[in-house]
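S.K.: I'd like to ask some things about the structure below.
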Amino acid sequence: MDSIMQEQSRVVVGGVDAHADAHHAAVLDERGVLWGSSAFPATSAGYRELLGWLESFGMVAAVAVESTSSYAAGLTRYLCERGVRVVEVNQPHTYTRRRRGKSDPIDAEMAARRFLSGEAIGLPKQTDGVVESIRMLRVARNGAVKARTAALLQARDLIRTAPQDLREQLTVRKTLRAQLNLCGRWRPTSKLGCPTQAAKFALRTIARRVSDLDREIAGLDGQLAVLVKRTAPRTTSLLGVSTHNGGQLLVTAGQNIDRLTKESSFAALCAASPIKASSGKTHRHRCNPGGDRQGNRALHLIAVYRLKCCPRTQAYAHRRTQQGKSKAEIIRCLKRAIAREVYHALRADLADLTTPTPPPPKPPRYSTTIHCGNPGHGITRHRT
């Protein structure tokens with residue numbers, strides 16, 4: 001009876017190292033003692049079994065999960081739907097790997113220890129709303145654009161090496177698109193052993209592939225334009241924020257943008273925040289090499305567009321040039337200012353879409369709080 005009461009009053013923290021087919025979980029108590037480690041399949045039944053296994057050791061304060069937006073996306077959704085606090089852990093444990101090596105049980109244990117130390121406090125992105133739909137459509141569009149680019153390069157190379165009579169027919173047309181339009185109308189014979197007929201068949205195949213990809217990209221663009229405009233009307237109304245840039249910034253921020261408490265967090269996420277690089281008598285900052293590079297690219301494109309079309313931005317660039325700033329430094333300053341503007345617009349747009357994080361279950365009246373690294377990020381041991 002006493003052991004049952006102790007298990008009910010014990011507060012534990014879970015750690016998960018996620019993979020495509022199975023997730024390895026570890027459980028620690030508030031003192032950092034390892035109580036168990038086990039693997040579970042990456043299925044709905046496996047998620048249910050994993051949560052039940054964690055709860056068998058005591059009250060689950062939090063679960064620190066690696067790869068919350070990729071391999072562990074399904075597990076993250078399952079835990080959040082059941083009111084379990086999920087913390088994102090995406091940094092490697094290099095010092096532990098030097099001392100203990102690398103394995104799934106070690107990675108799961110270290111994920112939990114990062115929460116106990118107060119280093120892992122970030123919330124995962126919400127992946128059950130319209131922003132996740134935009135992300136999926138953008139993935140499909142980006143893949144189609146890359147495939148079209150590869151097909152166009154293949155067509156260009158085939159035209160350069162085609163038999164002379166075919167080259168002369170095609171080079172009359174100045175653009176590659178016009179050349180492919182002609183290739184799409186060719187009717188090669190079945191004698192593909194002849195290089196001329198083989199070239200006709202290959203070029204016609206690539207031309208039709210490019211045409212199909214054009215239609216696919218146009219269809220995805222139409223769907224994205226509707227979703228992005230409806231989801232972020234304030235953001236897309238900003239100067240230089242197109243459907244593609246706005247969609248990328250939505251994906252970078254995530255639907256639960258309230259997990260980014262201030263604009264500097266969003267700027268750091270987009271790699272638009274300056275990093276101190278001072279030493280001795282040298283006092284300077286450098287560009288942030290981390291963050292979401294696609295989000296940084298979106299901010300860069302907006303900054304370049306405003307430098308070309310916005311008189312206010314042009315006046316700012318002229319003033320900073322007079323102060324001795326280079327063009328690259330001016331663009332970095334502009335990206336930081338644009339990140340601030342975009343952050344407030346995204347917060348306003350997503351205010352009605354963001355589902356508030358469910359509060360943890362209320363503990364009994366008697367409790368003892370144990371802080372883990374940072375104030376406000378502790379776990380609480382409850383006793384009846």
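S.K.: Going through the range 163-184 one residue at a time, which ones are loosely packed, with under 11 Cβ neighbours inside 10 Å and not in a helix (DSSP H, G or I)? Can you show your working first?
M.R.: If we filter the range 163-184 for residues that are loosely packed, with under 11 Cβ neighbours inside 10 Å, which is where we start, we get 164-165, 168, 172, 174-175.
Passing the criteria: VAL172, LYS174, THR175.
S.K.: Against the condition in a helix (DSSP H, G or I), among the hydrophobic types (A, V, I, L, M, F, W, C) and touching a residue at least 60 places away in the same chain (Cβ under 8 Å), how does VAL145 come out, does it pass? Quick ask: steps written out before the conclusion?
M.R.: Working: in a helix (DSSP H, G or I): yes; among the hydrophobic types (A, V, I, L, M, F, W, C): yes; touching a residue at least 60 places away in the same chain (Cβ under 8 Å): yes.
Yes, satisfied.
S.K.: Between THR252, THR261, which is β-branched (Val, Ile, Thr), within 17 Å of the chain's Cα centre (by Cα) and farther than 30 Å from LEU158 by Cβ? Let's see the steps before the verdict.
M.R.: On the way: THR261 fails: within 17 Å of the chain's Cα centre (by Cα).
Unique residue meeting the criteria: THR252.
S.K.: With the requirement that a residue be more than 24 Å from the chain's Cα centre (by Cα) and more than 12 Å from ARG82 (Cα to Cα), what does the range 53-64 give you? Walk me through how you get there before you give the answer.
M.R.: Within the range 53-64, the first condition is being more than 24 Å from the chain's Cα centre (by Cα), and the residues that meet it are 53-61.
TRP53, LEU54, GLU55, SER56, PHE57, GLY58, MET59, ALA61, listed by residue number.
S.K.: Within the group ASN142, ASN90, ASN181, which residue is outside the structural domain of GLY36 (by TED's automatic domain parsing) and out of contact with any helix residue (DSSP H, G or I) (no Cβ under 8 Å at 6 or more places or on another chain)? So that I can check it myself, show each step before the final result.
M.R.: Values: ASN90 fails: outside the structural domain of GLY36 (by TED's automatic domain parsing); ASN181 fails: out of contact with any helix residue (DSSP H, G or I) (no Cβ under 8 Å at 6 or more places or on another chain).
Just a single option satisfies the conditions, and that option is ASN142.
Residues checked against (1) polar (S, T, N, Q); (2) within 17 Å of GLU341 (Cβ to Cβ):
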position	(1), (2)
SER264	yes, yes
ARG284	no, no
PRO289	no, no
ALA303	no, yes
GLY324	no, no
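S.K.: How do the helices (runs of 4 or more DSSP H) wholly within the range 214-332 filter down when requiring 1 or more residues that are touching a residue at least 60 places away in the same chain (Cβ under 8 Å), buried (at least 20 other Cβ atoms within 10 Å of the Cβ) and in contact with a Gly (Cβ under 9 Å, 6 or more places away or on another chain): which remain?
M.R.: Result: 233-236, 243-253, 263-269, 293-309.
S.K.: Still on this structure, please answer the following. Can you say whether LEU137 is at pLDDT below 90 and part of a helix (DSSP H, G or I), as far as the supplied structure shows?
M.R.: Values: at pLDDT below 90: no; part of a helix (DSSP H, G or I): yes.
Spelling it out, it is not the case that LEU137 is at pLDDT below 90 and part of a helix (DSSP H, G or I).
S.K.: Mind listing whichever residues of the range 9-24 are closer than 16 Å to ALA73 by Cβ and touching a helix residue (DSSP H, G or I) at 6+ places or on another chain (Cβ under 9 Å)? Outline the logic, then answer.
M.R.: First pass over the range 9-24, keeping only residues closer than 16 Å to ALA73 by Cβ: 16-23.
Across the range 9-24, the qualifying residues are VAL16, ASP17, ALA18, HIS19, ALA22, HIS23.
The values are calculated or read from the model by the stated rules, or taken from the named source; none is laboratory data. All figures in this text were calculated on a predicted structure; none of them were measured in a lab. Using ideal geometry, Cβ is built from the backbone for each residue, glycine included, and neighbour counts are taken over all protein chains shown.
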